[in-house]
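Chemist: Below is a structure I'd like to ask you about.
The values are calculated or read from the model by the stated rules, or taken from the named source; none is laboratory data. Predicted, not measured: the structure shown is a model, and the values here were computed from it. Neighbour counts are summed over all protein chains in view; Cβ atoms, including those assigned to glycine, are modelled from backbone coordinates with ideal geometry. Calculation scope for accessible area: heavy atoms of the full protein, side chains included, ligands and nucleic acids excluded. Shrake-Rupley method; radii C 1.70, N 1.55, O 1.52, S 1.80 Å.
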Amino acid sequence: MLKHALLPFVALALTAQTPATEAHHAKPHAAVKPAATPAPETDKVLAWIGKTPLKQSDFDLFIELAVPPQQRSMLAMVPSMKQQYLRQFLDLNLLAAKARHEKLDKTKAYRDKLAMRERETLAVELIQTKSAAFQSEINVSDEAVKAYYESHKADYSKPETYTVRHILIGSKNPQDKESKGLDEAEAKAKALKVLAELKTGKKIGDLAKEYSDDPGSKDKGGLYENVPYGKFVPEFEAAVKTLQPGQLSEPVKTHYGYHIIELESRNPGELTPLDKVKDKVKQDCTYAQQEAVYNKFIDETKKELGYKEEVPVPPAASRNRRRPAVRGAK
């Protein structure tokens with residue numbers, strides 16, 4: 001199982017909750033025989049499939065596996081919800097019995113899937129048994145929260161932004177034979193012509209509506225407000241960084257064409273005080289410690305069992321912000 005698939009179970013264990021397995025245990029494709037755990041003498045029979053009883057203890061185990069701990073208390077208060085789970089449980093076992101009747105449990109595909117489910121269950125059981133040991137390594141004190149905040153200030157800061165107006169004179173993409181528009185020389189010449197008009201005192205907002213080929217800003221007079229750095233292509237942003245408020249750029253070439261940019265304002269980033277984001281920082285700090293405990297346990301287990309990877313495995317992908325698909329953006 002992948003690391004980040006197990007981590008939610010680690011988090012549950014570290015917060016002293018009873019981890020829940022995935023709800024897919026409640027679906028037909030996860031069909032299993034009724035549990036063979038000892039049943040109390042008063043174990044009620046809920047239904048029969050041939051001569052096989054489906055008992056209350058089986059249903060109780062189904063609820064334990066299928067329903068997250070925080071939702072189980074609702075079952076007693078909402079009878080209709082419990083009835084829905086009972087219907088799922090009975091249907092699950094009926095379908096499982098039908099599958100066995102058709103000998104699907106003899107197929108290789110079934111055996112492979114069952115083996116994978118067994119590994120998943122064993123992994124979760126292991127994490128649960130280590131709950132107390134994991135918990136003893138977690139320390140989310142005020143000092144730890146403050147230290148985490150100090151070392152991750154960028155996560156709790158409003159980024160520096162800028163507001164600009166621009167005019168894009170689009171050009172053909174030389175790598176796209178079907179690309180339409182001006183060739184590069186024509187686009188640059190037109191951009192210089194527009195720049196000359198601006199230098200006579202005409203407003204960039206007015207000329208953007210007339211000339212710009214950027215559909216994302218043309219009707220707004222070329223305006224982009226409060227843009228964080230990293231949103232637009234590097235050439236565009238490099239030009240922005242050289243401008244003072246009210247200053248026009250020379251034509252800036254990107255793969256979209258030529259841009260004329262006017263900087264309206266630059267807004268410095270701002271760090272949010274700890275007292276205003278303390279709950280979020282504490283949550284992030286807790287998760288970071290849980291992940292560290294998990295990684296340590298994985299590393300120790302690898303050494304203990306002689307684990308070795310034969311193929312290169314890349315690290316987990318970082319969470320990248322999605323950038324708008326506008327002309328001028330990355």
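Chemist: Under 6 Å between Cβ atoms, at least 6 apart or on separate chains: pull out the pairs that start in the stretch 90-109 with a residue that is more than 25 Å from Gln56 (Cα to Cα) and end on any residue that is at pLDDT 95 or above and open to solvent by 100 Å² or more (accessible area, probe 1.4 Å).
Modeler: none
Chemist: Look at the stretch 169-210 and say how many of its residues are open to solvent by 40 Å² or more (accessible area, probe 1.4 Å) and part of a helix (DSSP H, G or I).
Modeler: Of the residues in the stretch 169-210, 13 are open to solvent by 40 Å² or more (accessible area, probe 1.4 Å) and part of a helix (DSSP H, G or I).
Chemist: Is there a residue in the stretch 301-311 that is farther than 19 Å from Gln135 by Cα, of a type outside the set (Gly, Ala, Ser) and at pLDDT below 85?
Modeler: No, that holds for no residue.
Chemist: Could you tell me whether Val252 is farther than 26 Å from Gly201 by Cβ, in contact with a His (Cβ under 8 Å, 6 or more places away or on another chain) and surrounded by 15 or more Cβ atoms within 10 Å (Cβ to Cβ)?
Modeler: Criteria not met by Val252.
Chemist: When Arg165 is evaluated against the numbered criteria (1) open to solvent by 80 Å² or more (accessible area, probe 1.4 Å); (2) under 36 Å from the mean Cα position of the chain (by Cα); (3) among the charged types (D, E, K, R), which criterion, by number, is the only one it fails?
Modeler: It is condition (1) that Arg165 fails.
Chemist: Select from the stretch 211-240 the residues that are assigned to a loop (DSSP other than H, G, I, E, B), open to solvent by 60 Å² or more (accessible area, probe 1.4 Å) and within 15 Å of Tyr258 (Cβ to Cβ) and list them in ascending order.
Modeler: Asp213
Chemist: Report yes if Asp183 is in contact with a Ser or Thr (Cβ under 7 Å, 6 or more places away or on another chain) and without any contact (Cβ under 8 Å) to a residue 40 or more places away in the chain, otherwise no.
Modeler: Yes, satisfied.
Chemist: Only residues that are surrounded by 10 or more Cβ atoms within 10 Å (Cβ to Cβ) and not in a helix (DSSP H, G or I): list them for the stretch 279-309, please.
Modeler: Answer for the stretch 279-309, where residues must be surrounded by 10 or more Cβ atoms within 10 Å (Cβ to Cβ) and not in a helix (DSSP H, G or I): just Tyr307.
Chemist: Hey, can you tell me all the residues within the stretch 75-129 that are closer than 18 Å to Trp48 by Cβ, under 34 Å from the mean Cα position of the chain (by Cα) and open to solvent by 100 Å² or more (accessible area, probe 1.4 Å)?
Modeler: Across the stretch 75-129, the qualifying residue is only Arg87.
Chemist: Which of the following residues is out of contact with any Phe, Trp or Tyr (no Cβ under 9 Å at 6 or more places or on another chain) and of a type in the set (Gly, Ala, Ser): Ala133, Ala76, Ala123, Ala99? Don't jump to the end; show me each part of the working.
Modeler: Numbers: Ala133 fails: out of contact with any Phe, Trp or Tyr (no Cβ under 9 Å at 6 or more places or on another chain); Ala123 fails: out of contact with any Phe, Trp or Tyr (no Cβ under 9 Å at 6 or more places or on another chain); Ala99 fails: out of contact with any Phe, Trp or Tyr (no Cβ under 9 Å at 6 or more places or on another chain).
The match here is Ala76.
Chemist: Going through the stretch 120-143 one residue at a time, which ones are in a helix (DSSP H, G or I), of a type in the set (D, E, K, R) and closer than 24 Å to Leu65 by Cβ?
Modeler: Within the stretch 120-143, Glu120, Glu125 qualify.
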